[in-house]
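Novice: What follows is a single structure, and I will ask about it in a moment.
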Amino acid sequence: MKRFVPILVLFLAFQNLFSQREPRLPADFRQHNLTTYNASLFNPAFSLDRNNPESFAFWSRWQWQDIDADPSTLFFNYSRKLGNNSAVGAAFFQQNTGVFFDTGGVLNYAYKLDFSPLVKLAIGVNIFGFKQTLADNRYQPDPNLPIPQPTVTDDFIIQMAPGVSLSVERLTLSVASENLLDYNFTLNESNTQKEDKVFMSLLSYDFPVALGDLPTSFLRPSMYLRTIPGQANQVGFYTLLNTNKYWGQVGYNNFYGFAVGGGATFFKHLSLGALVELGISSSVTKDPSFEIVAAYFLGKPDERHKVVGFEVDKEEEGLLILGDAQYKPEPIKEDADEIAKEEALREQQRQEQARRLDSISKAEQAEALVAAQRLKEQRRVDSLAQIKFEAAEKTRRQAEERAKMESATADKPQKGEKYEEVKTEDGLEAGYYLIANVFGTKKYLNAFMADLRRNGLQPKSFLRSKNNYDYVYLRRYDTMQEARRARDTNFEGNYAGKTWIFRVVGE
């Protein structure tokens, strides 16, 4: 009994040592501030539109800045799109929670279903594979103590984190779990129980904003809920202002406190940023936490963040005119009957001249008659040519006058018909374009054109320099009559949506 008392005291001291380590860090990745690069760690479906693929990105977080057992996270990620509807990624991560030290990798895949140009459903999954060891080695098990002791092992764990994201125009609702399924291969059992699962949900809305020459900027207020086993639910808010040149965000988490951060893009490809989080709760240390973000974008600069769910739905500025097809004068045709009569007349004259030459004995008289006839014939030809030229000029002038009159009539608006006309547009050939839709964002432009192609159409688009909107057209026509016929027949029955005519007059 006397030998057991010191052992019991030592065991209680050990328990007291670990129970007094405050604050207790939640068992999650603490990635609630990720809004742009590496957002797929928050929800795997975000690799489709919030990871700026194709890019290499780095994220690190230093929690509370304690000297000993400083909780920290490192995440280095590569992501890229495989097409308009899928994306993949691979990452290396290390996380120190103060109790465990995890080192491993992550594979990401996400796929998007387009129900319509405005309604999208994205499904994604992160597969984690990592080695888990004890981060705090201040206590080492003593095999000579006759009491139960924790077993120190290096565990290998596979963890699956699925997520879904539903977007309706500019509104996004997403749900994910960090550890819905996991397995500890060292212990041959599940790594966490059902009640120890971490779930996250987020609701956000994108407001397009105009900032000088940055037409693709947007403001994204968001709120999220995170359920963590053994602790109260975390509720947080943040607002992100994002452009292709810089970004900034402010936020609040009821456990970690207030956060403010920002960053900038240099040389159109390199982005650097930082964030600081200040604790306010009396139950949690008020020491600050820091995050650093760095990324290198490998694609074209205009493929980065765009305004989410932003489509032009108002009347464009400019001249709206309605009218009939423009008159196109027919080419002047020669009168075949008149030419035949002239040939017959000349033949008759030649025959008559031949008879006269036969009846004249003197060569001088024949020569004089021939010369006279030639002069007369030349004058006749010149006279016919002049008459023909004057008739052609008269016909041409009449045709031009008719064309002007009919063009003026054609330009008069008809009730209910939408038609826009510009003199020139960069890169566009003169003609009449059958417009199907207008977009202010590449995301919805690509989705709409992909939907048309799936229906067997071959749409094209052009970007207007005046308003920076993309116009999707089904075909270009040479005349208004052809364009109207295509519009009124629903593009020969191949397109059920509304269309209208956009004319480029040309130089």
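Novice: Can you tell which of Glu347, Glu367 is modelled with pLDDT of 90 or more, assigned to a helix (DSSP H, G or I) and of a type in the set (D, E, K, R)?
Specialist: Exactly one of Glu347, Glu367 is modelled with pLDDT of 90 or more, assigned to a helix (DSSP H, G or I) and of a type in the set (D, E, K, R), namely Glu347.
Novice: Based on this model, can you work out whether Ala399 counts as in contact (Cβ under 8 Å) with a residue 60 or more places away in the chain, more than 21 Å from Tyr495 (Cβ to Cβ) and either in the same structural domain as Ala486 (by TED's automatic domain parsing) or touching a helix residue (DSSP H, G or I) at 6+ places or on another chain (Cβ under 9 Å) (or both)?
Specialist: Here the answer is no, as Ala399 does not meet what is asked.
Novice: So is Ser217 among the hydroxyl-bearing types (Ser, Thr, Tyr), in contact (Cβ under 8 Å) with a residue 24 or more places away in the chain and in contact with a helix residue (DSSP H, G or I) (Cβ under 9 Å, 6 or more places away or on another chain) or not?
Specialist: No.
Novice: Right, something else. Which one is surrounded by the fewest Cβ atoms within 10 Å (Cβ to Cβ), of the residues in the stretch 233-258 that are among the small types (Gly, Ala, Ser) and in contact with a Phe, Trp or Tyr (Cβ under 8 Å, 6 or more places away or on another chain)?
Specialist: The residue in question is Gly236.
Novice: Of the residues Tyr444, Tyr433, which is within 26 Å of the chain's Cα centre (by Cα), surrounded by 18 or more Cβ atoms within 10 Å (Cβ to Cβ) and assigned to a strand (DSSP E or B)?
Specialist: Answer to the selection: Tyr433.
Novice: Answer yes or no: is there a residue in the stretch 448-469 that is within 26 Å of the chain's Cα centre (by Cα), of a type in the set (Gly, Ala, Ser), more than 30 Å from Thr243 (Cα to Cα) and part of a loop (DSSP other than H, G, I, E, B).
Specialist: Yes, the stretch 448-469 contains at least one residue that is within 26 Å of the chain's Cα centre (by Cα), of a type in the set (Gly, Ala, Ser), more than 30 Å from Thr243 (Cα to Cα) and part of a loop (DSSP other than H, G, I, E, B).
Novice: Does Lys415 fit the bill of being part of a helix (DSSP H, G or I), charged (D, E, K, R) and out of contact with any Asp or Glu (no Cβ under 6 Å at 6 or more places or on another chain)?
Specialist: Judged against the criteria, Lys415 is not a match.
Novice: Taking the stretch 30-64 as the region of interest, how many residues are at pLDDT below 85, more than 20 Å from the chain's Cα centre (by Cα) and surrounded by fewer than 22 Cβ atoms within 10 Å (Cβ to Cβ)?
Specialist: 2
The values are calculated or read from the model by the stated rules, or taken from the named source; none is laboratory data. These figures come from a predicted structure and were not determined experimentally. Glycine gets a Cβ as well: all are built from the backbone with ideal geometry, and neighbour counts include every protein chain shown.
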